[in-house]
Amino acid sequence: MIWKSENRKWKFGKKAWKSLFAKKLGLGMSDEDKIALVREPIANAALAECVRAGKDGATVTFDGHVRNESHGRATSYLEYEAYEAMAIAKMKEIAAQIHEKFAIDRVAMVHRLGRLDIGETSVFIAVSAPHRGAAFDACRYAIDTLKKTVPIWKKEFFADGAVWAEGELPPTPPSAKSAS
């Protein structure tokens with residue numbers, strides 16, 4: 001695998017990659033869940049690999065990424081902000097809840113903050129379990145609960161302005177008004 005940082009590329013084997021990823025996020029490489037807020041691109045494949053164990057028969061992932069439109073308007077980019085201490089605490093609560101509710105092994109939940117361009121991953125969740133049903137259900141529960149309870153806010157930027165996504169709908173563009 002290749003890690004890119006500040007115009008440099010390094011090639012790593014699987015063990016070195018997992019160790020580097022854990023150090024980058026400040027996580028120990030134990031069998032515990034991986035919960036983080038980051039400001040650099042999320043390493044999806046490394047996260048999915050971190051939750052896998054020999055006893056697991058399934059790993060389900062959710063990759064939420066920036067789309068190029070919102071409410072009929074072309075999106076330029078997004079910015080995410082968070083109440084970081086509370087966001088991490090809430091994400092850990094979600095992980096504990098899915099361990100209680102579903103027969104899973106491990107969970108990784110990472111949300112990116114700062115500016116994100118079209119196509120970049122904003123949130124990534126990976127859940128491993130002995131059986132796929134529990135992994136699917138737990139992953140769905142994790143993203144749905146994260147969106148409802150974790151203090152992370154999204155600002156959408158368009159050619160003609162910007163709006164906060166939750167609680168405020170973007171105004172209808174003039175071209176869409178005339179079409180109705």
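The values are calculated or read from the model by the stated rules, or taken from the named source; none is laboratory data. Bear in mind the structure is a predicted one, so any value in this text is a computation, not a measurement. Backbone-built Cβ (ideal geometry, glycine too); neighbour counts: all protein chains shown. For the accessible areas, the whole protein counts, side chains as well, though only heavy atoms, and no ligand, DNA or RNA atoms are used. Shrake-Rupley method; radii C 1.70, N 1.55, O 1.52, S 1.80 Å.
Below are the figures for this structure:
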read-out: Distance-filtered residues of segment 122-149 - backbone nitrogen under 19 Å, label point 7 angstrom along residue 165 Cα→Cβ; value: 122-126, 139-149
read-out: Pairs beyond 28 Å (Cα-Cα), from 55/101; 101/147; 55/147; value: 55/147
read-out: Set of aspartates and glutamates near residue 92 by C-alpha distance (under 20 Å), chain-local residues within fewer than 8 positions excluded; value: 31, 32, 33, 49, 63, 81, 84, 100, 105, 137, 144
read-out: Interchain or long-range residues, amide H under 5 Å from residue 70's placed H; value: 75
read-out: Positive minus negative residues near residue 65 (Lys, Arg vs Asp, Glu; Cβ under 12 Å); value: -1
read-out: Where segment 127-166 is the region considered: accessible area per residue in Å², 1.4 Å probe; value: 55 Å²
read-out: Segment residue 132-residue 86, extension gain: residue separation times 0.36 nm, minus the distance between their alpha carbons; value: 13.5 nm
read-out: Surrounding net charge for residue 118, when Lys and Arg each add one and Asp and Glu each subtract one, Cβ distance under 12 Å; value: -2
read-out: Residue 38 long-range amide H proximity, modeled H, under 5 Å; value: 111, 112, 113
read-out: Sequence-separation-based contact order of segment 94-168, relative, with Cα cut under 8 Å and 6+ spacing, percent; value: 26 percent
read-out: Full-extension gain in nm, residue 100 to residue 32, via 0.36 nm per residue minus C-alpha separation; value: 23.0 nm
read-out: Residue-span extension gain [residue 76 to residue 44] - 0.36 nm each, minus C-alpha spacing; value: 9.2 nm
read-out: Listed peptides 66-78, 97-109 by packing density, highest first (mean Cβ within 10 Å); value: 97-109, 66-78
